[in-house]
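Encoded as structure tokens, the structure appears first; notes follow it.
Derivation of every value follows stated rules applied to the coordinates shown; laboratory data play no part. Computed from a predicted structure; not experimentally measured. All Cβ positions, glycine included, derive from the backbone under ideal geometry; neighbour counts span all protein chains shown.
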């Protein structure tokens, strides 16, 4: 499992034949330099990084998940940090890219997390995200809202009915690519964005 609260496969195959899923491949394609990923999961996602990346900075508040990620081999150097989504322990303008995979849905203040992402991105840097998104169907969106209290308690604070796309846009990002899809009947988005100038 990539994360205990959000089980999603990030790789297919096994051992030395691992290949990223299409969603993970999108998040990884073209990355270079220093990349910040928020949320360690169980660390398996580290094996998907391309060798064009110089360094992965992984911020994870949970000590158990940090330890699990530290035991995972990665093709490039990895720095694993304890940190809060509201105050990332990363210097200003230090990362070429930031990757969020099922993290913004758990942030207590996603707007604050996105402000921190803007702060750490270098000029021209890019946010890549794979997140829950409120359904465009009024009936499904209503059902997501009804399920939220139980879902959030069982899934580590996840809010599946958040309008992640509007939150990213409202935080000062220009969305460059956006794909909407469902996974196990829950709406998701996969996309990339850059801070507005």
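Going by C-beta contacts inside 10 Å, put 49, 130 in order with the fewest on the left.
If I rank by nearby Cβ atoms, fewest first, I get 49, 130.
Counting only DSSP beta bridges with both residues in segment 21-102, what percent are antiparallel, rounded to the nearest 5?
Working: 1 of 15 bridges.
Close to 5 percent.
Just need the Rg to Rh number for segment 42-105, please, alpha carbons only, Kirkwood Rh.
Reported Rg/Rh (Cα atoms, Kirkwood Rh): 0.93.
Using a Förster distance of 22 Å, how high is the FRET efficiency between residue 92 and residue 174, based on the Cβ-Cβ distance and rounded to 0.05?
Working from the Cβ atoms, E equals 0.60.
Extending each Cα 7 Å along its Cβ direction at residue 19 and residue 74, get the distance between those two points in nm, one decimal.
It is 2.4 nm.
Provide the packing ranking of 119-125, 108-114, i.e. peptides ordered by the mean count of other C-beta atoms within 10 Å per residue, highest first.
With the highest mean Cβ count within 10 Å placed first, the list reads 108-114, 119-125.
Kindly rank 167-177, 33-43 from highest to lowest mean number of other beta carbons found within 10 Å of each residue.
Highest mean packing first, the order is 33-43, 167-177.
Measuring from label point to label point, each 7 Å out along Cα→Cβ, what is the residue 166 to residue 108 span in nm?
In this crude label model, residue 166 to residue 108 measures out at 2.4 nm.
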